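Single-structure report; data block below.
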Amino acid sequence: MEPSTTAADWDSFRRQMPISRQWAYLDHAAVAPLSGPAHEALAAWASDATANGSVNYPAWTRRVEGVRTLTADMIGAAPEEIALIGNTSAGINLVSEGFPWKSGDNVVIREDEFPSNQYPWLHLADHGVETRRIPVEGGRLDLDKLAAAIDARTRIVSLSWVAYANGWRHDLDRVAELVHARGALLFIDAIQALGVFPLDVRATPVDFLAADGHKWLLGPEGAGIFFTRREHLNLLRPLGVGWNSVRHCHDFTRIELVFKDTAARYEGGSQNVAGLSALGASLELLNRFGRQALAARVVEISDLACQRLAEIGATILSDRTPAHRSGIVSFELPGRDPVAARRQCIARKVLLSCRAGRLRISPHAYNTTEDIERLVEALQGLV
């Protein structure tokens with residue numbers, strides 16, 4: 001059962017986000033600020049490594065394994081199905097470069113995916129693998145078009161859980177059902193939803209998933225996760241193979257290529273202990289509230305932002321229907337330069353992004369009504 005969440009809980013969350021003392025930070029879909037616990041974890045590791053070198057390495061290893069367990073619990077996976085990686089691109093490449101493609105195979109994506117979910121697939125062209133890019137209108141994926149793009153040679157469909165530019169959130173249950181019914185596997189770039197929207201990979205059978213921790217998970221860049229279903233473990237050829245890929249990884253005199261029987265085989269070499277420790281601290285913070293409560297709060301704050309922005313003449317471009325809304329809101333100020341608008345907001349300690357010629361906000365659960373009012377006040381001189 002998830003914990004009940006009150007206004008006081010959100011206040012306590014906000015107190016764990018030092019950024020909120022100065023900024024109305026509405027840019028978590030870009031690079032999020034570190035949580036207070038993440039900062040403390042980084043500082044503690046740095047102090048330990050400075051004072052003691054590697055004396056406490058076993059404790060660091062236990063901390064990293066704890067992060068693996070936290071991550072697995074977050075998505076309903078087993079720890080053996082989780083690899084701790086550097087970023088989303090690394091996870092996508094584990095599949096794009098490790099999958100046993102044959103000439104004539106194809107992969108299906110949206111035409112407006114983030115570059116990290118396009119280039120690795122396009123790079124397969126010299127292997128005879130076609131990348132089919134589905135046109136989208138208004139950021140909305142038509143499932144009939146998705147179905148029409150999949151044929152007997154489609155091996156993988158790769159989609160972002162939430163589209164980075166406009167915040168369209170895919171119904172993963174429907175997508176997984178459609179993809180699997182046609183004999184393909186489903187890869188999810190989860191970076192724009194993981195941490196604030198619930199996912200149980202046992203109930204929603206995605207095959208592969210990757211995400212970096214530096215957005216909604218409130219961790220540092222360079223510390224992310226990769227999930228593969230246990231039954232696919234031997235499907236992918238391990239890449240970046242190193243001492244940490246094999247079962248006897250700490251026996252450096254034994255040279256025998258026997259891969260670990262877990263997703264940790266994809267980790268290769270030394271890990272980003274500092275970054276993963278910080279990510280773990282933020283995961284522990286988020287776990288205090290529960291994914292259902294976090295999702296509801298993010299939707300509540302972003303819906304309020306849509307209402308207030310519309311009241312000052314902004315055009316909301318993101319789909320805000322319950323099935324597809326997310327924490328990302330794309331909007332326009334008619335006749336106004338989005339770059340200039342962003343510059344004016346930054347001058348007033350309000351942070352948002354420009355994407356595809358539009359403004360984009362992405363509030364988190366610790367953001368408040370006051371943050372939204374600061375945004376509106378910063379923009380009012382432009383409308």
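The values are calculated or read from the model by the stated rules, or taken from the named source; none is laboratory data. From a predicted model like this one, the values you see are computed outputs, not experimental measurements. As a convention, Cβ positions derive from the backbone with ideal geometry for all residues, glycine included, and neighbour counts pool all protein chains shown.
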Original post:
Which of the residues spanning segment 316-344 are polar (S, T, N, Q) and closer than 30 Å to residue 173 by Cα?
Top reply: 318, 321, 326, 330
**OP:** Would you be able to tell me the number of residues in segment 1-22 that are in contact (Cβ under 8 Å) with a residue 40 or more places away in the chain and within 23 Å of the chain's Cα centre (by Cα)?
**Re:** 7
Subject >> Top-ranked residue of segment 23-51 - restricted to ones that are loosely packed, with under 14 Cβ neighbours inside 10 Å and polar (S, T, N, Q), ranked as nearest to the chain's Cα centre (by Cα) >> reply: 47
**OP:** Report, by residue number, each residue of segment 183-206 that is more than 12 Å from residue 159 (Cα to Cα), aliphatic (A, V, I, L, M) and part of a loop (DSSP other than H, G, I, E, B).
**Re:** 184, 193, 196, 199, 201, 203
Subject >> Search result, residues across segment 1-58 that are acidic (Asp, Glu), more than 19 Å from residue 277 (Cα to Cα) and in a helix (DSSP H, G or I) >> reply: 9, 11
Subject >> Only one of 174, 133 that is charged (D, E, K, R), under 30 Å from residue 352 (Cα atoms) and either in a loop (DSSP other than H, G, I, E, B) or under 23 Å from the mean Cα position of the chain (by Cα) (or both) >> reply: 133
Original post:
So, of the residues in segment 186-205 that are crowded, with 24+ Cβ neighbours inside 10 Å and among the hydrophobic types (A, V, I, L, M, F, W, C), which turns out to be nearest to the chain's Cα centre (by Cα)?
Top reply: 191
Subject >> Single condition residue 250 does not satisfy, out of (1) at pLDDT below 95; (2) within 30 Å of residue 36 (Cα to Cα) >> reply: (2)
**OP:** Of the numbered conditions (1) part of a loop (DSSP other than H, G, I, E, B); (2) within 30 Å of residue 293 (Cβ to Cβ), residue 100 fails exactly one; give the number of that condition.
**Re:** (2)
Original post:
Hey, any hits in segment 237-256 for a residue that's touching a strand residue (DSSP E or B) at 6+ places or on another chain (Cβ under 9 Å), under 25 Å from residue 178 (Cβ atoms), surrounded by 19 or more Cβ atoms within 10 Å (Cβ to Cβ) and in the same structural domain as residue 184 (by TED's automatic domain parsing)?
Top reply: no
Subject >> Test: residue 280 is under 26 Å from residue 197 (Cα atoms) and either surrounded by fewer than 20 Cβ atoms within 10 Å (Cβ to Cβ) or among the small types (Gly, Ala, Ser) (or both) >> reply: yes
Original post:
What number goes with the only condition from (1) touching a helix residue (DSSP H, G or I) at 6+ places or on another chain (Cβ under 8 Å); (2) without any contact (Cβ under 8 Å) to a residue 60 or more places away in the chain that residue 261 does not pass?
Top reply: (2)
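Let's see how each residue does on (1) surrounded by fewer than 22 Cβ atoms within 10 Å (Cβ to Cβ); (2) touching a helix residue (DSSP H, G or I) at 6+ places or on another chain (Cβ under 9 Å):
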residue	(1), (2)
273	yes, yes
300	yes, no
327	no, yes
350	no, yes
Subject >> Enumeration of residues in segment 283-312 that are within 22 Å of residue 199 (Cα to Cα) and of a type in the set (Val, Ile, Thr) >> reply: 298, 299, 301
**OP:** For segment 266-309, enumerate the residues that are of a type in the set (Phe, Trp, Tyr) and more than 30 Å from residue 242 (Cα to Cα).
**Re:** 289
Original post:
Within segment 237-347, which helices (runs of 4 or more DSSP H) (wholly inside it) include 3 or more residues that are within 29 Å of residue 50 (Cα to Cα)?
Top reply: 273-287
